[in-house]
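Below: one structure, written as structure tokens.
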């Protein structure tokens with residue numbers, strides 16, 4: 001899947017940020033899969049995870065994939081999401097338990113299902129909303 005979507009060559013970048021930010025490296029990939037179908041539905045340049053793009057029409061562009069990847073990790077560690085630990089805490093999909101008024105994505109359960117399905121496919125084991133993405 002990663003080779004098809006031109007993301008495999010950025011593996012070393014993802015691992016470097018994973019070690020730096022202590023967040024599972026498949027999470028940004030699956031966020032991108034859920035948010036933009038991995039490059040197919042971009043709202044802004046190189047922003048395959050819609051980082052900073054809001055429902056209020058804010059649009060953020062990035063210069064390259066590396067910048068976008070780091071911004072996803074930074075976003076997951078920002079002051080609004082720092083306390084969140086599980087995939088279920090990242091959206092309004094009825095699985096949120098920690099500070100549910102602030103989430104990565106304001107979409108419904110379809111987005112969470114897409115993230116979980118992607119993570120299940122990449123890790124080759126069933127991933128549930130209580131999956132802890134922080135280390």
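The values are calculated or read from the model by the stated rules, or taken from the named source; none is laboratory data. None of these values were measured; they are calculated from a predicted model. Cβ: placed from backbone, ideal geometry, glycine included. Neighbour counts: every protein chain shown.
Applying the selection to segment 47-65, what residues are over 15 Å from residue 27 (Cα atoms), modelled with pLDDT of 80 or more and in contact with a helix residue (DSSP H, G or I) (Cβ under 9 Å, 6 or more places away or on another chain)?
60, 62
Would you call residue 101 over 16 Å from residue 130 (Cα atoms), modelled with pLDDT under 85 and not in a strand (DSSP E or B)? Break it down into steps so the answer makes sense when it comes.
Working: over 16 Å from residue 130 (Cα atoms): yes; modelled with pLDDT under 85: no; not in a strand (DSSP E or B): yes.
It is false that residue 101 is over 16 Å from residue 130 (Cα atoms), modelled with pLDDT under 85 and not in a strand (DSSP E or B).
Residues 81, 38: which one is within 28 Å of residue 12 (Cβ to Cβ), part of a loop (DSSP other than H, G, I, E, B), modelled with pLDDT of 90 or more and under 15 Å from the mean Cα position of the chain (by Cα)?
Within the list 81, 38, the selection yields 81.
Being under 20 Å from residue 120 (Cβ atoms) and in contact with a helix residue (DSSP H, G or I) (Cβ under 6 Å, 6 or more places away or on another chain), is that true of even one residue in segment 34-46?
Looking through segment 34-46, at least one residue is under 20 Å from residue 120 (Cβ atoms) and in contact with a helix residue (DSSP H, G or I) (Cβ under 6 Å, 6 or more places away or on another chain).
Consider only pairs whose beta carbons are under 8 Å apart and that are at least six residues apart or on different chains; among these, list those whose first residue lies in segment 117-135 and is farther than 20 Å from residue 89 by Cα and whose second residue is outside any helix (DSSP H, G or I).
If the second residue must be outside any helix (DSSP H, G or I), the pairs left are 121/1; 122/1; 122/2.
Among (1) in a loop (DSSP other than H, G, I, E, B); (2) surrounded by fewer than 19 Cβ atoms within 10 Å (Cβ to Cβ); (3) at pLDDT 85 or above, which single condition is residue 20 missing?
The one condition residue 20 does not meet is (1).
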